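Take a look at the structure below.
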Amino acid sequence: MSPQRDELPNLELTEDDIAFRDEARAWLAANVPAEPLPSMDTADGFRAHQEWEARLAAARWSVVSWPQEYGGRGASMVQWVLFEEEYYRAGAPGRVSQNGIFLLSPTIYEFGTKEQQDRWLPSMATGEVIWAQAWSEPESGSDLASLRSTATRDDSRGGWVLNGQKTWSSRASYAHRGFGLFRSDPDSTRHHGLTYLTFPLDADGLLVRPIAQLDGEAGFAELFFDDVFVPDADVLGEPGQGWAVAMSTTGSERGLSLRSPGRFCAAADRLTALWRSHGAPTAFRDRVVDAWLGAEAYRLYTWGTVTGLVTGRSIGFASSANKVFWSELDVALHETALDLQGPEGERFSPWTDGYLFSLSGPIYAGTNEIQRNIVAERILGLPREPRGAGA
Ligand SMILES: Cc1cc2nc3c(=O)[nH]c(=O)nc-3n(C[C@H](O)[C@H](O)[C@H](O)COP(=O)(O)OP(=O)(O)OC[C@H]3O[C@@H](n4cnc5c(N)ncnc54)[C@H](O)[C@@H]3O)c2cc1C
């Protein structure tokens, strides 16, 4: 008997929503590959995931909430989250295009010109062009506003010349285009005088050097810019206003947290099945129950957020509490699965892969220490921690 996740309190699904969910469920059941694809952090796996993106796009399941003209279905937020639940429930492949589709595209819709939308969105939807986020620098991670890479004006060519270094750029080893923040006013400090630029990853003067992850695969790259020219047409938003544009992208990471309840529910269901297949040992009962409850609590909380958003509320700083919750849940859930398997849990498997990836959850999308600062200071109103000069 599997846990029932079909009932949603306080949220009326319309007939259209139910038809949409059923159509998605049927398509996924017929199309999700029977065998997991190879890791998208390998050259072969990256290609296999791009092919999957093309297949999703051909059936218009790649960007369901986008307008039809760019390959979407104009789906509502409720339908989008329903789709994501179905996606994870079906065990469908990870989205190699996620930095573009879930982080960058909302920013392109908000700040991009019509010409940029026409030029960038269709190939993003089909997975033909995969985008990498190039924000972090060796000395600027949590404190992004301390970034030092520069964009220098070149009026004669009508554009900007980029210099500096970015790091921890996911999948940049294989991706096609990047987006990042650069200091365009040399006299500016902190959040001022920044410009949001996009660039091809094979541009002249740009060196992409892969960095191996914990599992040995080139999941990241560092980028070295040596006089890389970017035309004005590839600036997103107003020059000098990059921080505001970037905050729109950061806000879109909430989109990822709206996507994820399906991810944790699916993992908790797999953990429950694993526990049963090991004879349901009572020693692990409470940890399995906690994982299932955590996933369910997170799912209900997320649907509460969706209900709020469709009635005009915003997520605000609560997303920081959310982020700490899901990332810690993911680690605990995978640790339980490995412990439950005993020595068998030492062998490579989807569980070990999931465990290694879960360890990065408290780091990416803003570290949990930073999220706790936000909760302490902005939600609980506790005193601010001492900041360094200029912060
Ligand atoms: C899986 C994964 C994928 C990533 N993908 C990308 C990507 O695609 N593009 C990209 O640009 N970046 C990416 N990153 C980088 C990520 O954004 C940074 O690792 C993150 O912002 C933290 O920055 P840092 O590593 O420089 O650590 P630091 O900022 O140097 O922090 C080091 C430690 O100090 C703590 N700390 C720092 N300041 C404070 C403070 N004020 N109070 C309390 N504690 C503090 C941090 O929480 C952390 O524990 C990725 C990271 C991971 C793990």
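The values are calculated or read from the model by the stated rules, or taken from the named source; none is laboratory data. If you're wondering where the values come from, they're calculated on a predicted model, not measured in any experiment. All Cβ positions, even for glycine, are placed from backbone atoms using ideal geometry, and neighbour counts span all protein chains on display. The accessibility values were calculated without ligands, DNA or RNA, using every heavy atom of the protein model including side chains. Shrake-Rupley method; radii C 1.70, N 1.55, O 1.52, S 1.80 Å.
Worth pointing out:
- Picking from residues in region 1-42 that are hydrophobic (A, V, I, L, M, F, W, C), modelled with pLDDT of 95 or more and over 16 Å from residue 91 (Cα atoms), the one that is least open to solvent (accessible area, probe 1.4 Å) is 20.
- A Cβ distance below 9 Å, combined with a sequence gap of six or more or placement on separate chains, defines the contacts here; from region 371-382, residues that are free of Cβ contacts under 8 Å to residues at least 40 places away in the same chain and within 11 Å of residue 321 (Cα to Cα) reach residues that are within 14 Å of the ligand (Cβ to nearest atom) and open to solvent by less than 80 Å² (accessible area, probe 1.4 Å) in the pairs 373/320.
- Hey, residue 218 open to solvent by 10 Å² or more (accessible area, probe 1.4 Å), aliphatic (A, V, I, L, M) and touching a Pro at 6+ places or on another chain (Cβ under 7 Å) or not: yes
- Criterion violated by residue 127 - all others in (1) within 16 Å of the ligand (Cβ to nearest atom); (2) under 26 Å from residue 361 (Cα atoms); (3) modelled with pLDDT of 95 or more satisfied: (1)
- Within region 145-168, the set of residues being within 11 Å of the ligand (Cβ to nearest atom) and open to solvent by 20 Å² or more (accessible area, probe 1.4 Å) comprises 146, 168.
- Answer residue from region 169-178, given it is over 14 Å from the mean Cα position of the chain (by Cα) and not charged (D, E, K, R) and is farthest from the ligand (Cβ to nearest atom) among those: 176
- Checked against (1) within 24 Å of residue 243 (Cβ to Cβ); (2) assigned to a strand (DSSP E or B), residue 186 passes all but condition (2).
- Taking region 266-285 as the range and being in contact with a Phe, Trp or Tyr (Cβ under 8 Å, 6 or more places away or on another chain) and open to solvent by less than 10 Å² (accessible area, probe 1.4 Å) as the test, the residues that pass are 268, 271.
- Residue identified as more than 27 Å from residue 77 (Cα to Cα), open to solvent by less than 30 Å² (accessible area, probe 1.4 Å), within 16 Å of the ligand (Cβ to nearest atom) and of a type outside the set (Asp, Glu) among 337, 376: 376
- Residue check, residue 361 within 10 Å of the ligand (Cβ to nearest atom), open to solvent by less than 70 Å² (accessible area, probe 1.4 Å) and of a type outside the set (A, V, I, L, M): yes
- Count - residues of region 233-283 that are in a loop (DSSP other than H, G, I, E, B) and within 18 Å of residue 339 (Cβ to Cβ): 4
- Selection over region 147-161 of residues that are aliphatic (A, V, I, L, M) and in contact with a Phe, Trp or Tyr (Cβ under 7 Å, 6 or more places away or on another chain) gives a count of 2.
- Condition check for residue 206: within 16 Å of the ligand (Cβ to nearest atom), open to solvent by less than 10 Å² (accessible area, probe 1.4 Å) and more than 20 Å from the chain's Cα centre (by Cα): no
- Tally, over region 102-115, of residues that are open to solvent by 10 Å² or more (accessible area, probe 1.4 Å) and not small (Gly, Ala, Ser): 8
- There is no residue in region 50-65 that is buried (at least 16 other Cβ atoms within 10 Å of the Cβ), modelled with pLDDT of 95 or more, of a type in the set (Ser, Thr, Tyr) and outside any loop (DSSP other than H, G, I, E, B).
- Test: residue in region 235-245 that is acidic (Asp, Glu), under 25 Å from residue 41 (Cβ atoms) and open to solvent by 40 Å² or more (accessible area, probe 1.4 Å): no
- Remark: pairs (first residue in region 286-304, within 18 Å of residue 276 (Cβ to Cβ) and open to solvent by less than 10 Å² (accessible area, probe 1.4 Å); second residue of a type in the set (D, E, K, R) and at pLDDT 95 or above; Cβ separation under 9 Å; 6+ apart in sequence or on different chains) = 295/269.
- Residue 214 meets each of the listed conditions (1) of a type outside the set (Gly, Ala, Ser); (2) assigned to a loop (DSSP other than H, G, I, E, B); (3) closer than 30 Å to residue 313 by Cβ apart from (3).
- Considering each residue of region 79-99 in turn, at least one proves to be of a type in the set (Val, Ile, Thr), in contact (Cβ under 8 Å) with a residue 24 or more places away in the chain and touching a Lys or Arg at 6+ places or on another chain (Cβ under 8 Å).
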